[in-house]
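Below is one structure, written out as structure tokens; comments come after it.
The values are calculated or read from the model by the stated rules, or taken from the named source; none is laboratory data. For clarity, every value in this text was computed on a predicted model and none was experimentally measured. Cβ atoms come from the backbone with ideal geometry, glycine included; neighbour counts cover every protein chain shown. In case anyone asks, the SASA skips ligands and DNA or RNA and just uses the protein heavy atoms, side chains included. Shrake-Rupley method; radii C 1.70, N 1.55, O 1.52, S 1.80 Å.
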Amino acid sequence: MIDFGVGVILPAAGGGERFGGTIAKQYTMIMGKPLLCYSAEAFLKIAWVKLVILVVDDVLKAKELIESAIGCEPKLLIVKGGNSRHRSIEAGLLELQKNTSDFILETVIVHDAVRPLLQVKLLEELVVAARSHGASGATRPLVSTVIKPDADNFLEESLDRCQYVASETPQAFQIPILSRAYKKCSDFELDNGTECLQLVLKHCGVKAKLVAGSDELWKVTYKKDLHSAEKCLREKYLKICLIMSEEIETKAVYLAHNKLKNFADVVDVSTSFKSSAFKVKQGFKYNVLVLFHMQEIQQDEQLAEFSTLLNIEEEGIIIHVIDHSSGDGMQNMSVYELHRNGRKMAHQYKKLNKGVIVIHRIMSGESDVQLIDLISSVIQADFKTYSGQTLFL
């Protein structure tokens, strides 16, 4: 339980030379939001975090992007950074100290804005450790051996990686300690250094408590990292409801539940299309619905039912699985008419910020595995990729 005030500094002013391209990585759009929004949002949702300082290269640009993606947040301040990591963190620290008239902050978390995945449990461990020891930092095991070349680029030394760990963010500090360390920094350190834990050790004599972090602490550095970031974020934000009409056999539904819960944040099941029967948390909203039924449904009527379940703030998809395997045929509709009907549904669902895909299941029960694999693939893909499609299995 954190019963003291915590501030956050998110440096995001770098040019991202290793990332390349014309758009800095922190502004790259993922699932409709700039990358830097995800770490900021995660901290803003934590009650004991009282203030988040986002340090950027272009304040107006960052404000426009963030307000468009998540709205105005009173706990979030956006400030201009410096020409190095340490100068940006120092700017964030000064801003943090200027805006504490309404609350007392004891510790500050420093975290790279382009590390979008955060665990609250780890944050709690770090701030408690920083309160006790002055500083703390997350670490991960080294995956490669570190070697030192000499002046002529020949091997001079190879480090035993078992004796070392990789320093990651988030890191946490007692605010007076980090402030004192920055006041004692040389210009060379401010312009060339990157490690805050080393600063407080050198200038304040504070040995940081190291806390083992998870494998989610990786940072978006290269363009290829965006694919991993999008996949992980999509899975983290997936909230799925599987809904089956009364006449549907439950085997495929529960196979889907068992598979989807391996990567989605939430997977719930309802045994009725009527909103009064949805066994879901009060006020809970989903971004994905998978509907198992045997007949074409009345779209306008069902949209009203489903809209109470859907979070229209988030992109998502609605998957209709229509079972024809009982021998009832294709309801006297041609393939062309079925495709056209799917396109019409896609247009209707746009008002809910959701795409739609219709899967007509013609084969019998032995296709359960293929059906679940198809549903899983659609959900893990970009929602816009499949929207409006009609598939046959």
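Extension gain, PHE284 to HIS339: 0.36 nm times the residue separation minus the Cα-Cα distance gives 16.6 nm. Taking the centroid of alpha carbons for each part, region 172-194 and region 112-148 are 18 Å apart.
Between the amide H of GLY134 and those of GLN174, distances stay under 5 Å, these residues lying 5 or more places away or on another chain, with hydrogens modeled in the peptide plane.
Taking amide H atoms as placed 1.01 Å from N in the peptide plane, the amide H of ASP323 lies under 5 Å from those of HIS293, MET294, ARG361, each 5 or more residues away in sequence or on another chain.
Provide the per residue accessible area, probe 1.4 Å, for the chain, rounded to a whole number of square angstrom. If you can, show how the numbers build up before the last one.
On the way: 19490 Å² over 393 residues.
Here the per-residue accessible area is 50 Å².
Between LYS384 and LEU142, the C-beta separation translates, for a Förster distance of 41 Å, into a calculated FRET efficiency of about 0.60.
Under Stokes-Einstein, with the Kirkwood radius over Cα pairs standing in for Rh, what whole-number D in µm²/s applies to the chain at 37 °C and 0.692 mPa s?
Details: Rh = 23.8 Å.
Stokes-Einstein gives a translational diffusion coefficient of 138 µm²/s.
Close amide-amide hydrogen proximity is noted between SER270 and LEU242, ILE243, MET244, each under 5 Å apart and 5 or more residues distant or on a separate chain (H modeled in the peptide plane; Pro and chain starts excluded).
Using only the Cα atoms of region 174-257, build the gyration tensor, take square roots of its eigenvalues as a ≥ b ≥ c, and label the shape rounded, prolate or oblate: rounded if a/c is under 1.5, else prolate if a/b is larger than b/c, else oblate.
prolate
With the simple spin-label model, which puts each label point 7 Å out from Cα in the Cβ direction, the PHE103 to LYS350 separation comes to 4.1 nm.
Restricting the calculation to Cα atoms, region 1-156 yields a radius of gyration followed by a Dmax of 17.3, 57 Å. Of all lysines in the structure, the ones whose alpha carbon falls short of 24 Å from that of LYS354, not counting any fewer than 8 places away in one chain, are LYS33, LYS231, LYS236, LYS239, LYS259, LYS261, LYS274, LYS279, LYS281, LYS285, LYS344, LYS384.
Extension gain, GLU313-PHE4: 0.36 nm per intervening residue step, less the Cα-Cα distance, totals 108.0 nm. Comparing LEU242, VAL267, TYR222 along the charge dipole axis of region 216-269, the residue lying farthest to the positive side is TYR222, per the Cβ-charge model.
Within the accessible surface of the chain, defined with a 1.4 Å probe on protein heavy atoms only, the carbon and sulfur portion equals 51 percent. Once the Cα atoms of helix 120-133 and of the chain are each reduced to a long axis, what angle between those two axes, in degrees from 0 to 90 to the nearest 10, is obtained? Roughly 20 degrees, rounded to the nearest 10.
Qualifying GluC sites (Glu not before Pro) in region 1-106, where qualification requires a DSSP coil assignment and no more than 11 other C-beta atoms within 10 Å, comprise GLU17. Per-residue 3J(HN,Hα) values for region 348-354, derived from phi via the Karplus relation 6.51 cos²θ - 1.76 cosθ + 1.60 with θ = phi - 60°, read 5, 6, 4, 5, 9, 6, 10 Hz in sequence order (x marks Gly and Pro). In percent, what relative contact order does the chain have, based on Cα pairs under 8 Å that are 6 or more apart in sequence? About 13 percent, as a whole number.
What fraction of the DSSP beta bridges in the chain is antiparallel, stated in percent and rounded to the nearest 5?
Details: 15 of 65 bridges.
Here the share of antiparallel DSSP bridges comes out near 25 percent.
With a Förster radius of 22 Å applied to the beta-carbon distance between ILE362 and SER272, the computed FRET efficiency rounds to 0.30.
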